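Before I ask anything, let me first share the structure, which is written out below as structure tokens.
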Amino acid sequence: MESCNCFEAQGPPDELLMKYQYISDFFIALAYFSIPLELIYFVKKSAVFPYRWVLVQFGAFIVLCGATHLINLWTFTMHSKTVAVVMTSAKVLTAAVSCVTALMLVHIIPDLLSVKTRELFLKNKAAELDREMGLIRTQEETGRHVRMLTHEIRSTLDRHTILKTTLVELGRTLALEECALWMPTRTGLELQLTYTLRQQNPVGYTVPIHLPVINQVFSNNRAVKISPNCPVARLRPLAGKYMPGEVVAIRVPLLHLSNFQINDWPELSTRRYALMVLMLPSDSARKWHVHELELVEVVADQVAVALSHAAILEESMRARDLLMEQNVALDLARREAETAIHARNDFLAVMNHEMRTPMHAIIALSSLLQETELTPEQRLMIETILKSSNLLATLINDVLDLSRLEDGSLQLNAATFNLHAVFREVLSLIKPVVSVKKLSITLNLAPDLPVYAVGDEKRLMQTILNVVGNAVKFSKEGSISITAFVAKSESLRDSRTPDFFLVPSDYHFYLRVQVKDSGSGIIPQDIPKLFTKFAQTQSLATRNSGGSGLGLAICKRFVNLMEGHIWIESEGIGKGCTATFIVKLGIPERSNESKLAFVPKAPVNHGQTNFLGLKVLVMDDNGVSRTVTKGLLVHLGCDVTTASSIEECMRVVSHEHKVVFMDVCMPGIDGYELAVHIHEKFTKRQDRPLIVALTGNTNKGTKDNCMRAGMDGLILKPVSVDKMRSVLSELLEHRVLFEVI
């Protein structure tokens, strides 16, 4: 009996059925393979799905099922038609269901992702938002605490208050167990415990600044966690089982006071820090949070700024106090100097007046004796007395001028004058001395030198006379040359005048005067001493030539007043000297110059030797001075009446008197008032005598007071016979004569 396959006998294959099975297996496999891919996509997108491993196992099962159908594509065998129809129907149905399932998953998975997992997604997002809101609230709280701390710190500029407030506020804000501040000592080699929150350790405890933990903190600009057992963190005594909390430390930059300057911005030293140590409560699990460390860092920066401001304020206040002390001292010194200057000026004024009165007697009587019959020995003695007296009078004038120059009370009296006449007058005054010493002297005035100039004629003449007199004094033989010309800018471009510059203008010019002699000369290193008052050089000739040592010192100050410069050149002893000075003079207007051309300077009139019958009244409270002045006038032929008081003067004065000489500085007697009374007594000018002040007072206001009182002249004591002769001549000719003080 033949075996049976329990199937119907195989018939010829139905190609259509085979084709349907083949296609169905293909789509079943495709559906089975697509479903796991869709599940994998779902798992990947749904991060909160709780059954991932189940889906993985399900996917593996489906893949294996799909693989069996895929294999069937290559393992078809011939079956009976009934079996083939059943298998074909089953596979077609399976393929349809599988494809529909796969297509439905494509639509269902997005819904599952958006609906089924939304609750978990929202919960996670809510948790994240809670964490972010907590962080924001923490940051806001930190910011609020920082603002509060900053306000508290900056509400004062006292360094101790700033540091103590910082510790208290940090301890309260961060709930600290201890907070301390270590400040560097003066030596900079140690840190000293200066402030503590709880004051559990004695303030003043020190530790070396070069400890590794301190170097670690100082080298970092952030808060650093340190060991609770390190020296700077031992802020409370150990007792029993003590578990210290976490400790952080941070550096606080300090202002380096040695770099502080009043007129400059101070510098923050990178090598000078304080150390702030903060400790959390002990026996707790609390840790430092990031926002707390940030708060500590911000507060440390604010403390550094506040300490810098406090240091600047302290230094400013210290500098202000020092400046106030210096100002008080300077003001006291100024008042003392002013008092000393006033006392000196008062002393000089009194001494000047008191010395001129006896000098007036000596010079007047000596000059009277000189005009009598004398033996050669007597004449020599009288000439010596006159020479010494004139030298003393010059010294008095020099001391007075120097005093005025030093206190600034001497002012230049600018007026238009004949410049050429000044040089000729200097030459005429110096020629007698030059003749006695048998020297030759020449005067060279440049063709372009203006005839008239605007300036102080007296001070210019005094300067020229001093310089020329110096040359004559130190010359025993040879010649002296005086050269005057207009200085040009190019003539000053050398090392002798490095700080002096000409300023060209149409309203002024610079006069350059050069005096060259063949005298004793001077050592070059002694030249700067010549312009110092009372200076003495090493030259033997200088020591033997006499002089007060004031002449060139006064010349230098006069030249400075006239915006000029003076210098001396010499190659050494025995090689002569050249003195040069430049002064600034004004150029007069054309109209004034033309007027002056017709008003020549009145020369000294020596032609009239006596004034026979000229009635003169002398009013002076000093009997000696009154007698001396009367003697001078009587010697010149005058008819002299004397008076010692205002009442006597007003009683004897008459229209017959042509000149009244009076002293205006008399104790208890006002000479100016007397001049006013004389004006009132003689209302007609032709009846009134010429009123001339004969005084030793050289105060700056004397001339103005005389002019206000209506006086016609001012003559300074002492007066010789020659001076009195020239005074009377000029008074009678011009009816006015004010000697320059």
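Could you give the accessible area per residue of segment 625-716, probe 1.4 Å, as a whole number in Å²?
Working: 3900 Å² over 92 residues.
Accessible area per residue: 42 Å².
Something else now. Whole Å is fine, so just give me how far the alpha carbon centre of segment 335-393 lies from that of segment 635-705.
24 Å
Once the Cα gyration tensor of segment 311-353 is diagonalised, what are the square roots of 5 times its eigenvalues, in whole Å and ordered largest first, as equivalent ellipsoid semi-axes? Don't skip to the end; give the middle numbers.
Working: eigenvalues 318, 4, 3 Å².
Working through the eigenvalues yields semi-axes of 40, 4, 4 Å.
Right, another one. Here are some pairs, LYS556/LYS700; LYS387/LYS700; LYS438/LYS723; LYS387/LYS437; which of them have Cα atoms lying more than 18 Å apart in this structure?
Working: LYS556/LYS700 21 Å; LYS387/LYS700 28 Å; LYS438/LYS723 26 Å; LYS387/LYS437 15 Å.
Too far apart for the 18 Å limit: LYS556/LYS700; LYS387/LYS700; LYS438/LYS723.
Now a separate question. Quick one: pull the percent of accessible area on segment 409-457 belonging to carbon and sulfur, 1.4 Å probe, ligands and nucleic acids left out.
Details: 1490 of 2550 Å².
With neighbouring chains kept in place, the figure for segment 409-457 is 58 percent.
How long are the semi-axes of the equivalent ellipsoid of segment 362-426, taking √(5λ) for every eigenvalue λ of the Cα gyration tensor, in whole Å from largest down? List each step's numbers first, then the result.
Details: eigenvalues 225, 68, 15 Å².
For segment 362-426, the ellipsoid semi-axes come out as 34, 18, 9 Å.
Here is a follow-up. Over all distinct Cα pairs, what is the inverse of the mean 1/r for segment 376-492, reported as the Kirkwood hydrodynamic radius in Å? Display every interim value, and only then the final one.
Numbers: mean 1/r = 0.0601 Å⁻¹.
With all distinct Cα pairs of segment 376-492 included, I get 16.6 Å.
Quick one: grab the alpha carbon gyration tensor of segment 631-733, order the square roots of its eigenvalues as a ≥ b ≥ c, and give me rounded if a/c is under 1.5, else prolate or oblate depending on whether a/b is larger than b/c.
Working: a/c = 1.38, a/b = 1.08, b/c = 1.28.
It comes out rounded by the Cα gyration axes.
Take the solvent-accessible surface of the protein heavy atoms, probe 1.4 Å, and return the percent of it on segment 661-717 that carbon and sulfur atoms account for.
Working: 1170 of 2370 Å².
Summing carbon and sulfur atoms, their accessible area is 49 percent of the total for segment 661-717.
The values are calculated or read from the model by the stated rules, or taken from the named source; none is laboratory data. None of the values given here were measured: they were computed from a predicted structure. Surface areas here come from the heavy atoms of the whole protein model, side chains and all, with no ligands, DNA or RNA. Shrake-Rupley method; radii C 1.70, N 1.55, O 1.52, S 1.80 Å.
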